[in-house]
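See structure below.
Since every read-out is calculated from the coordinates, none of them should be taken as a lab result. If you're wondering where the values come from, they're calculated on a predicted model, not measured in any experiment. Counting neighbours? That spans all protein chains shown, and the Cβs are built from the backbone with ideal geometry, glycine included.
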Amino acid sequence: MSQSAAHPMPVSSLLPLRLARAGYVLLVLLPLAMWLANRSSPLFLGLAALCFIASAVAEKGWPAFLRRVLDLLRSPVGLSLGAFLLWSLATIAWSHRPAQSLAPWGELALPMASGLAIAASGRFRPGRIESRALTVALIAAAVFMMAELASGLSVRIALGIGKQVTYIFNRPVLTCLMLAPVAASGLLAARARSPLDWLLCGALIFTVGGISLDSESGAAGLGLAILLAAWLAARFLPRLTLALVTLGFFATMVLAPVMGRLGDEALPASLHQRLANSHSRDRVDIWRSFGEAIMARPLLGSGFGTSPTLDRHPVALEVSPPRRQLLAVGHPHSAPVQAWVETGAVGAVLLGFAGLAFLWRLRRLAAPALAPRLALAASAFGVATVAHGAWQGWWIAALALAAAWLYRAVPPEDDEA
């Protein structure tokens with residue numbers, strides 16, 4: 001009888017491992033959960049965070065976990081994001097509906113806190129096995145969505161759990177797109193890549209790329225194009241690509257208040273006709289309307305979470321009558337514009353500094369490690385600039401998971417970055 005059989009590991013020693021495994025399972029299942037219920041990612045991310053927190057505390061206690069949390073919060077990215085959350089909370093004071101503004105603030109804060117807890121747990125260090133599992137989940141989610149689109153959602157309609165509106169997959173498609181470079185990076189990071197890793201990587205590109213182009217989300221198609229272009233460019237021209245992405249990010253954040261006016265002047269009518277399915281003309285008009293609201297309150301903004309009913313905010317009276325009606329669309333379909341209109345120049349500067357600090361952190365990574373991280377950042381910002389509401393929990397959860405995964409999966413030789 002071996003020594004391990006004669007003296008089995010105590011249950012108390014197995015507990016941290018089992019809790020961490022439960023957390024990994026929840027994270028891997030997140031794409032499939034989004035396929036089934038397209039707002040479920042914050043729940044799965046939050047439950048996984050609880051598992052990793054419990055694992056960390058069971059292993060080394062609360063002080064060690066809290067020290068790691070503080071270390072992350074003291075970083076330039078952590079400080080600026082923390083400051084933005086506090087400033088956003090403060091701006092609710094001049095919202096026209098303070099109680100209702102707390103809900104979107106929670107949608108933003110809770111997934112961010114969950115991602116922070118997972119990264120700080122010390123129990124989350126995904127490797128090849130976890131990357132393979134995530135890849136299989138992403139492929140399965142994409143295939144299931146393709147099958148449902150091909151059938152016209154017949155199964156959901158028969159079960160009475162859905163209507164024949166195929167845009168319900170826009171959120172899970174974008175979630176899969178944001179997690180695809182995470183999984184691919186894990187498959188390609190190993191020095192000795194097996195044929196299985198190459199096969200999974202090819203299937204991932206085919207399925208997630210296919211559903212991104214097949215879905216009704218024009219933002220997913222844009223995000224896919226940016227992702228592939230930025231990855232290839234960063235692989236062969238890493239410093240130039242990093243500089244261009246940084247310049248694009250900075251320019252977009254600075255010019256967000258006049259983005260509608262610039263788009264109106266720069267984009268010809270013929271291009272809007274070709275992009276009719278993406279509603280480019282509508283977006284430009286919306287950006288112009290919200291741009292006027294920004295100019296009415298440029299420094300402090302109108303208050304966090306006010307975009308859904310900005311037409312009923314006092315600031316609407318300062319927007320020209322032809323533009324005022326579009327303030328009722330729910331959100332400006334642009335994260336930089338929404339940050340400006342709700343939190344003003346103060347909030348935009350804090351978010352801008354967080355983005356620049358993150359991109360600066362990437363500068364020391366070798367091209368193989370830089371490419372997926374820069375491609376994800378460029379793709380996510382491109383999607384957020386032209387698409388959905390900025391603070392939606394499902395979107396923040398996808399980005400928080402991607403950031404935590406890539407942060408903890410940095411190759412050993414690049415740890416100093």
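Structure values in brief
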item: Cβ-defined net charge surrounding Pro181, 13 Å radius [Lys, Arg +1; Asp, Glu -1]; result: +2
item: Prolate/oblate/rounded label for the chain (Cα gyration tensor, a/c 1.5); result: prolate
item: Cα centroid separation, the stretch 212-236 to the stretch 294-342 (Å); result: 30 Å
item: The stretch 109-189: relative contact order as a whole-number percent, Cα under 8 Å and 6+ apart; result: 40 percent
item: The chain: relative contact order in percent, alpha carbon pairs under 8 Å with at least 6 residues between; result: 24 percent
item: Kyte-Doolittle at least -1.0, axis length at least 30 Å by Cα - qualifying DSSP helices, the chain; result: 11-36, 98-120, 128-150
item: Cα-centred dipole magnitude for the stretch 153-249, charges only on beta-carbon of K, R (+1) and D, E (-1), debye, nearest 20; result: 180 debye
item: Space enclosed by the convex hull of the alpha-carbon atoms of the stretch 1-130, per residue, Å³; result: 151 Å³
item: Positive-end residue, the chain charge dipole about Cα centroid, Cβ charges, pick of Val383, Val155, Phe358; result: Phe358
item: Candidates Glu148, Glu130, Glu292, ranked by Gaussian network fluctuation over the chain, Cα under 10 Å, top entry; result: Glu148
item: Part-to-part distance (alpha-carbon centres) for the stretch 364-411 and the stretch 93-139, which is given in Å; result: 12 Å
item: GNM top mover of Ala103, Ala33, Ala377 - the chain, alpha-carbon springs below 10 Å; result: Ala103
item: Ordering of 295-307, 339-351 by packing [mean C-beta count within 10 Å, highest first]; result: 339-351, 295-307
item: Neighbour net charge for Trp395 - beta-carbon separation under 12 angstrom, K R +1, D E -1; result: +1
